[in-house]
Structure formats: structure tokens, C-alpha cells
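The values are calculated or read from the model by the stated rules, or taken from the named source; none is laboratory data. Here the structure is a predicted model, which is why all the values come from computation and not from measurement. Positions of Cβ are generated from backbone atoms using ideal geometry, with glycine treated the same way; all protein chains shown enter the neighbour counts.
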């Protein structure tokens, strides 16, 4: 199933537009998320948008592939995932794909990851399951309901 999902992503991946904010190649914006790397803090921020409610599996995989590209490129020691407006439920097949294609990259780096949880209980639960099945032991993960608290924790850890 993972191979099929990867093929779909390759076939459909070119249909999704990438938008970079101005001359800042450290920032990506799409209909579903904003990803920004802050070099001075060695912090990667992923902020999901409410449009995630309408994502397909293939679009989700594309959006997560962009995140994986940023993780590979910048190797951040800290990651903030703001899921307050994340309304897509990650099914078990996609959870496995995320583990293999995104979480494995984070594990290799050894990042601290702060999640600001979604208003949608089911979306939050699916993300917790994804992370609980992750490959590495070098992920240090903490969940927050407040973005400022999450940023404060990330500032204190490194």
C-alpha cells in the first residue's frame, strides 16, 4: 500500500503549486499549511490551515513531503507543529507513510518537537498515534494547547 501511495504522490505531486513568500526560500505557503525555518533559533514551524478539512490522502502526502524536504535541508533541532486548524484525519496507512517518510528523518536529527493540538479531537488522536509508532527514540515530543507555551518550552530545551 505504501508503494501505491508513493506512486500516486509522484503522479499527482506536480499538480500542487508551491508558493514561496517573497525572496525568502526559508518559507513555504500552500492552501493547507505554512512552513518556515527560523535560522537564528534553529526552529522549523509548520502551521496547518483550516482548509485541511478538504485534503485528500494524496494532497496530505504532498504537504508532508514538503515538510520532509525542509527537515532534510535545514536539520532543525526544534520543530513546532501548530495543529489548531488541522482537520484532516490521518488513516493508519498514511500514519505508516508519515513514519517512514517524515518521522524517520526527524528521528535521525534528534529534534525536540512541540505540538499545539488541533481543535478537532480525531485529528489530534491520529497524530498522537502516528508519533507513538515512530521509528526513533531521539524524538522528544511534548503536546500543548497554547502556542506561546510550546515556543517557551522550545526556547528552554536548547
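Residues in the stretch 38-45: is at least one at pLDDT 75 or above and on the phi > 0 side of the Ramachandran plot? Give the steps one after another, and end with the answer.
Looking only at the stretch 38-45, we keep the residues that are at pLDDT 75 or above, and these are 38-45.
From the residues that got through so far, the ones that are on the phi > 0 side of the Ramachandran plot too are 42.
There is at least one residue in the stretch 38-45 that is at pLDDT 75 or above and on the phi > 0 side of the Ramachandran plot.
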Exercise for the section: Could you list, in sequence order, all residues of the stretch 25-39 that are without any contact (Cβ under 8 Å) to a residue 12 or more places away in the chain and over 19 Å from residue 106 (Cα atoms)? Expected result: 25, 29
Fill in the blank from the handout: Residue count, the stretch 112-158, condition at pLDDT 85 or above, in contact with a helix residue (DSSP H, G or I) (Cβ under 7 Å, 6 or more places away or on another chain), outside any strand (DSSP E or B) and surrounded by fewer than 17 Cβ atoms within 10 Å (Cβ to Cβ), comes to 0
Practice task
Identify the residue in the stretch 29-51 that is touching a helix residue (DSSP H, G or I) at 6+ places or on another chain (Cβ under 9 Å) and not in a strand (DSSP E or B) and, among all such residues, is surrounded by the fewest Cβ atoms within 10 Å (Cβ to Cβ).
Solution key: 39
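Give the residues of the stretch 85-111 that are in contact with a strand residue (DSSP E or B) (Cβ under 6 Å, 6 or more places away or on another chain) and either within 20 Å of residue 155 (Cα to Cα) or surrounded by 20 or more Cβ atoms within 10 Å (Cβ to Cβ) (or both), sorted by residue number. Show your work before the answer.
The initial filter retains those residues of the stretch 85-111 that are in contact with a strand residue (DSSP E or B) (Cβ under 6 Å, 6 or more places away or on another chain), namely 85-86, 111.
Within the stretch 85-111, 86, 111 meet the criteria.
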Exercise for the section: Kindly list the number of the only condition in (1) touching a strand residue (DSSP E or B) at 6+ places or on another chain (Cβ under 6 Å); (2) without any contact (Cβ under 8 Å) to a residue 60 or more places away in the chain; (3) within 19 Å of residue 29 (Cα to Cα) that fails for residue 82. Expected result: (2)
Handout entry: Checking residue 101 against (1) at pLDDT 60 or above; (2) in a loop (DSSP other than H, G, I, E, B), the condition it does not meet
Key = (2)
Exercise for the section: State all residues of the stretch 52-72 that are surrounded by fewer than 16 Cβ atoms within 10 Å (Cβ to Cβ) and either more than 16 Å from residue 28 (Cα to Cα) or touching a residue at least 24 places away in the same chain (Cβ under 8 Å) (or both); if no residue qualifies, say none. Expected result: 53, 54, 56, 72
